[in-house]
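Take a look at the structure below.
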Amino acid sequence: MDFQLKTLTLSRAATEKADALIVLAADGAIAGQEPLTKLLADARKAGDLPDKAGKVLSLYKPLVGAPRTVVLASSGDGKAGGVRSAVMAALGAVKSAKPARVAIVFAQAADEAGVRAAVLAASDACYVYLTTTSKAEANPVRNVLLGVDDAGALKAAFGEAVATAGGIEFAKEWGNRPANHCTPTILAQAARGLARQAKVKCEVLEHKDVVKLGMGAFAGVAQGSSEPLRFIVLNYQGAAKSEAPVVLVGKGITFDTGGVSLKPAAEMDEMKFDMCGAASVLGVFHALGELQPACNVVGLIPACENMNDGKAIKPGDVLKSMSGQTIEVLNTDAEGRLILCDALTYAKRFSPAAVIDIATLTGACVIALGGVRSGLFSSDDALANALQEAGEASMDRCWRMPLDDDYAEGLKSNFADMANIAGRAAGAVTAAKFLQKFTADFSWAHLDIAGTAWKSGAAKGSTGRPVGLLLTYLLNSAAGAQGAEKASVRKKASRKSRSAA
Ligand code: BES
Ligand code: MN
Ligand code: ZN
């Protein structure tokens with residue numbers, strides 16, 4: 001889909017060439033004598049357009065020269081959430097008219113958050129999964145024109161939003177592909193494709209490389225499958241080499257049967273989504289390649305299947321991780337932490353500024369937080385706060401969970417340095433405590449996206465989360481670093497001028 005930003009008043013919007021025109025109206029007085037403004041004011045006054053966010057009024061040929069379909073949509077307080085509801089509802093209302101070109105115009109002054117929300121909502125509403133269907137037809141919407149009062153001032157936010165939408169779409173696409181169309185090998189090819197972008201490099205390790213590195217936990221999970229594992233290393237270098245990167249680690253279980261500790265049959269198909277952490281890392285790199293921000297980011301994806309087979313690991317087996325720590329596998333269905341622990345150890349070699357892992361890790365996190373917020377775990381308050389803030393700003397929210405050492409009690413083992421599961425209580429936290437044992441050397445955060453990465457039921461499909469959160473975090477910290485650099489240059493310069501005087 002193609003997005004465009006333009007300075008557009010309501011009077012000019014009425015004559016904009018489009019198949020459908022959506023007018024976003026926040027609460028409050030709407031005054032003016034232009035036909036479209038008057039229409040909006042009248043609808044409000046008559047009570048035909050309640051000011052609750054997401055309420056819409058569809059009109060057919062209401063004005064001479066205006067698009068055939070015009071939808072007035074209330075955006076409530078006009079903040080990001082309201083704009084999102086309004087755009088979603090309005091695009092739903094124009095669907096049957098199959099518009100190719102849609103103009104979305106803000107009736108009042110638009111801000112950055114509003115523009116971001118409008119772009120992301122439009123992209124979200126228009127995404128259709130087609131890859132493994134025989135349908136050729138995607139959503140008819142080809143072009144979306146965003147009309148605002150001051151396009152110049154909102155250009156940067158708009159560009160970021162469009163790139164984020166592209167990254168989210170990429171993550172959705174890979175999340176949605178069934179496991180036989182998204183094996184570790186195919187996933188690695190997708191990652192290699194991203195390296196066509198400037199400043200992005202990709203390296204793919206295979207079984208022998210992983211064994212040589214000593215990744216016994218990752219290799220152990222993979223050994224039950226005839227699909228070979230892959231360890232994907234992505235590198236985005238947008239800043240000086242000397243600048244420490246943020247490392248993103250994405251769980252890439254392309255299918256999780258549970259292994260010998262087999263899962264129940266009902267809804268097992270949804271375990272094709274067990275690589276959504278990996279997909280979110282790919283989505284972030286898609287957007288980084290497009291935006292080319294001044295930061296360094298490494299992406300690590302351990303990818304394999306968790307299968308039940310003659311060669312598969314068994315409950316009680318002990319695996320040796322790359323860190324040297326040994327793990328008693330009490331449940332082969334707790335495989336995510338086994339592949340992640342070796343990737344976390346691998347992350348150390350980048351001397352990272354921070355390491356963030358993203359994983360559909362526990363059913364317990366779905367019970368705790370549902371599909372609204374991802375679980376956030378971190379022993380670094382500054383990192384946790386930055387991620388929480390990025391989540392709020394991008395409407396891709398998370399909630400911080402505890403990491404008290406008492407929660408690690410249940411991970412004790414008589415036969416290894418630790419077990420891979422504790423009791424049923426606080427399952428999302430004990431999983432995080434397991435991962436934490438591999439993060440002593442750097443600042444670390446863990447996002448459990450088991451509840452947020454995909455939707456079940458009639459709307460079954462990947463959400464592309466938390467690409468929005470991660471990108472916002474990365475762009476915020478890149479801007480912060482640049483600010484700090486400029487400040488230090490300024491300081492040096494003023495020191496120099498002082499000493500000269
Ligand atoms: N991929 C699952 C987690 C999951 C389950 C995500 C359901 C979304 C919905 C993970 O590998 C898993 O199976 N975890 C187990 C851990 C348990 C054995 C300690 C779980 O949550 O049941
Ligand atoms: Mn599992
Ligand atoms: Zn899993």
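The values are calculated or read from the model by the stated rules, or taken from the named source; none is laboratory data. Predicted model, so just to flag it, every value in this text is computed and none were measured. Positions of Cβ are generated from backbone atoms using ideal geometry, with glycine treated the same way; all protein chains shown enter the neighbour counts. The protein model used for the area step is the full one, side chains on, heavy atoms only, and it has no ligands, DNA or RNA in it. Shrake-Rupley method; radii C 1.70, N 1.55, O 1.52, S 1.80 Å.
General observations
- Among the residues of segment 227-269, those identified as more than 13 Å from ligand 1 (Cβ to nearest atom) and part of a loop (DSSP other than H, G, I, E, B) are Glu227, Pro228, Leu229, Gly238, Ala239, Ala240, Lys241, Ser242, Glu243, Ala244, Pro245, Ala265.
- Listed by first and then second residue, the pairs with beta-carbon distance under 9 Å, at least 6 apart or on different chains, first residue in segment 270-285 and more than 14 Å from ligand 1 (Cβ to nearest atom) and assigned to a helix (DSSP H, G or I), second open to solvent by less than 10 Å² (accessible area, probe 1.4 Å) and modelled with pLDDT under 95, form an empty list.
- In segment 334-389, the residues that are of a type in the set (Val, Ile, Thr) and under 21 Å from the mean Cα position of the chain (by Cα): Ile339, Val355, Ile356, Ile358, Thr360, Thr362, Val366, Ile367, Val372
- Hits in segment 322-345 (condition: surrounded by 24 or more Cβ atoms within 10 Å (Cβ to Cβ) and more than 14 Å from ligand 1 (Cβ to nearest atom)): Asp342, Ala343, Leu344
- Being in contact with a Cys (Cβ under 9 Å, 6 or more places away or on another chain) and at pLDDT 95 or above holds for only one residue in Gly468, Gly457, Gly464, and it is Gly464.
- Residue that is most open to solvent (accessible area, probe 1.4 Å) [pool: residues in segment 13-35 that are free of Cβ contacts under 8 Å to residues at least 40 places away in the same chain and either in contact with a His (Cβ under 6 Å, 6 or more places away or on another chain) or not acidic (Asp, Glu) (or both)]: Gln33
- Residue match in segment 123-140 (condition: open to solvent by 20 Å² or more (accessible area, probe 1.4 Å) and in contact with a strand residue (DSSP E or B) (Cβ under 6 Å, 6 or more places away or on another chain)): no
- Only residues that are hydrophobic (A, V, I, L, M, F, W, C), within 16 Å of ligand 2 (Cβ to nearest atom) and either in a strand (DSSP E or B) or free of Cβ contacts under 8 Å to residues at least 60 places away in the same chain (or both) were counted across segment 312-357, and they come to 2.
- Selection status of Gln292, closer than 24 Å to Thr439 by Cβ and away from ligand 2 (no atom under 16 Å from the Cβ): no
- Some residue of segment 14-35 being of a type outside the set (Ser, Thr, Tyr) and in a helix (DSSP H, G or I): yes
- Unmet requirement for Tyr407, which otherwise passes all of (1) touching a helix residue (DSSP H, G or I) at 6+ places or on another chain (Cβ under 7 Å); (2) within 16 Å of ligand 2 (Cβ to nearest atom); (3) open to solvent by 50 Å² or more (accessible area, probe 1.4 Å): (2)
- Test for Ala117: is it surrounded by 15 or more Cβ atoms within 10 Å (Cβ to Cβ), at pLDDT below 95 and of a type in the set (Gly, Ala, Ser): no
- Residues that are surrounded by fewer than 20 Cβ atoms within 10 Å (Cβ to Cβ) and not in a helix (DSSP H, G or I), drawn from segment 36-50: Ala46, Gly47, Asp48, Pro50
- Positions within segment 245-256 being within 14 Å of ligand 3 (Cβ to nearest atom) and crowded, with 24+ Cβ neighbours inside 10 Å, in sequence order: Gly250, Lys251, Gly252, Ile253, Thr254, Asp256
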